[in-house]
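The values are calculated or read from the model by the stated rules, or taken from the named source; none is laboratory data. What you see is a predicted model, and the numbers here were worked out from it, not measured in a lab. Cβ: placed from backbone, ideal geometry, glycine included. Neighbour counts: every protein chain shown. We work out accessible area using only protein heavy atoms, side chains counted, and drop any ligands, DNA or RNA first. Shrake-Rupley method; radii C 1.70, N 1.55, O 1.52, S 1.80 Å.
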Amino acid sequence: MSDRPLKIGITCYPSVGGSGILASELGEELAKRGHEIHFISYEPPFRMPAGPRVFFHPVQVNSYDLFKYPDYTLPLSVKMAEVSRDHRLDVLHVHYAVPHATAAFLARSMLHQEHKLKIITTLHGTDTTLLGRDPGYGPAIRHALEHSDAITTVSEFMRRETVRLLGVQRPIEVIHNFFEPHPAEHSRTEIRRELGLADGEAMLLHVSNLRPLKRLDLLLETVARLKPQLAFKLVVLAGANPAPLLAEARHRGVADRLIIRERVTDIEGYLATTDLGLFTSEVESFCLSILELMSVGCPSVAFAVGGIPEVTVSGETGLLVPFGDTEALAGAADSLLRDPARRSALGRVAQTRARERFSAAIIIPRYEALYRRVCGA
Ligand code: GMT
């Protein structure tokens, strides 16, 4: 296939979540490279780029008294078919299998001979590790994957889990996540002032959608274990209602250490202000937030679970400890907060690793090559 620009449909969850963020950034980078991007979802994705060659097609979901549960899959598949046909899409790239991969399969069946739609499914995390185990979803996910033209996962861990849990026999290509920082809107001084951080007070950062697998209990336990004489605040950029987290922090007597912000858009400003990332997930197929911090030269401490060791190398770009060992995690955080020189050294290596392995310049050509391979087939 020639090097002509491609017409690419992207479907993702538009809410604050790693898969939606990755899909939006992918669309932005592809549009910059001359491709035409059509987002199809129920809302514009949280970080959807504005600009030429980027379009958004909303999926309208009506509610009918007849149904106890509203259905999204069918209207999504109808919209996918319509956009694919009207805009002559070369490929539809769906992020997160449920229900996007199934809807794409239905869309292709609806188009039949009219338009040969190619489907690529990227698995991000709980579509395999949680829903893949659910007997109510597993067979439908497996079926949609078997009918995708290509399957990718965001880590080698995720590839192995997909084979193990879903028994997928088809080739799965690992294309790691990428991050390309935009210029920050606010300076470090402005953000520290906005957060009310005192001079000499270190800033720990936790970014997540606060779901149970982020293990906020262990996050607060780690904060409680940090030595009281250490001057720090944990800033939480929350992608969901933080009220239960705050209540639990009060209960544990650590609420005064927490600063919570919601729906932050100047993520780069906060990243650049952070001294150390703190993550306590029990499973993470990749952990985009660790990469985001690495890309601005900031190390993180976390549990060595899932794909996290593929992103950050313990002792070189951050520190990882066995899952659940909050004493070791607090010790790791404590040692780095007291040693700015070591923190900077880890941060420098982290930034180089982010650029050399997980930047748009490295990852986007891999997706482009995949699209061309699938479309030429
Ligand atoms: O599977 C999920 O939990 C949803 C997904 C999301 O939208 O936040 O998260 C996953 O995708 C991110 C982007 O690829 C990864 O960085 C996260 O590690 C992954 N989450 C989990 O595996 C829990």
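Considering only residues in segment 27-85 that are open to solvent by 50 Å² or more (accessible area, probe 1.4 Å) and among the polar types (S, T, N, Q), the one that is nearest to M110 (Cα to Cα) turns out to be Q60. Within the option set A238, A224, being more than 16 Å from the ligand (Cβ to nearest atom) and within 25 Å of L320 (Cα to Cα) holds for one residue only, A224. Taking (1) open to solvent by 40 Å² or more (accessible area, probe 1.4 Å); (2) at positive phi; (3) of a type outside the set (S, T, Y) in turn, P183 satisfies each apart from (2).
Evaluate segment 133-141: report whether one residue or more is open to solvent by less than 50 Å² (accessible area, probe 1.4 Å), within 15 Å of R164 (Cα to Cα) and in a helix (DSSP H, G or I). Among the residues of segment 133-141, at least one is open to solvent by less than 50 Å² (accessible area, probe 1.4 Å), within 15 Å of R164 (Cα to Cα) and in a helix (DSSP H, G or I), which makes the answer yes.
Scanning segment 92-133 for residues that are touching an Asp or Glu at 6+ places or on another chain (Cβ under 7 Å), of a type in the set (S, T, N, Q) and away from the ligand (no atom under 16 Å from the Cβ) yields a count of 0.
When segment 268-303 is limited to residues that are within 14 Å of the ligand (Cβ to nearest atom) and farther than 19 Å from T317 by Cβ, the one that is surrounded by the most Cβ atoms within 10 Å (Cβ to Cβ) turns out to be V283. Scanning segment 192-203 for residues that are in contact with an Asp or Glu (Cβ under 9 Å, 6 or more places away or on another chain), free of Cβ contacts under 8 Å to residues at least 60 places away in the same chain and either open to solvent by 10 Å² or more (accessible area, probe 1.4 Å) or not in a helix (DSSP H, G or I) (or both) turns up nothing.
Condition check: on the phi < 0 side of the Ramachandran plot, open to solvent by 50 Å² or more (accessible area, probe 1.4 Å) and among the aliphatic types (A, V, I, L, M). Does A240 satisfy that? No. For the residues V301, V264, the requirement of being farther than 30 Å from R160 by Cβ and among the aliphatic types (A, V, I, L, M) singles out V264. Against the criterion of being within 15 Å of the ligand (Cβ to nearest atom), part of a helix (DSSP H, G or I), farther than 23 Å from I260 by Cβ and not polar (S, T, N, Q), R343 does not qualify. Hey, could you check segment 150-167 for residues that are surrounded by 20 or more Cβ atoms within 10 Å (Cβ to Cβ) and assigned to a loop (DSSP other than H, G, I, E, B) and say which is nearest to the chain's Cα centre (by Cα)? If we take residues in segment 150-167 being surrounded by 20 or more Cβ atoms within 10 Å (Cβ to Cβ) and assigned to a loop (DSSP other than H, G, I, E, B), then V154 is nearest to the chain's Cα centre (by Cα). The strands (runs of 3 or more DSSP E) located wholly in segment 1-117 that include 3 or more residues which are of a type in the set (A, V, I, L, M) occupy 91-95.
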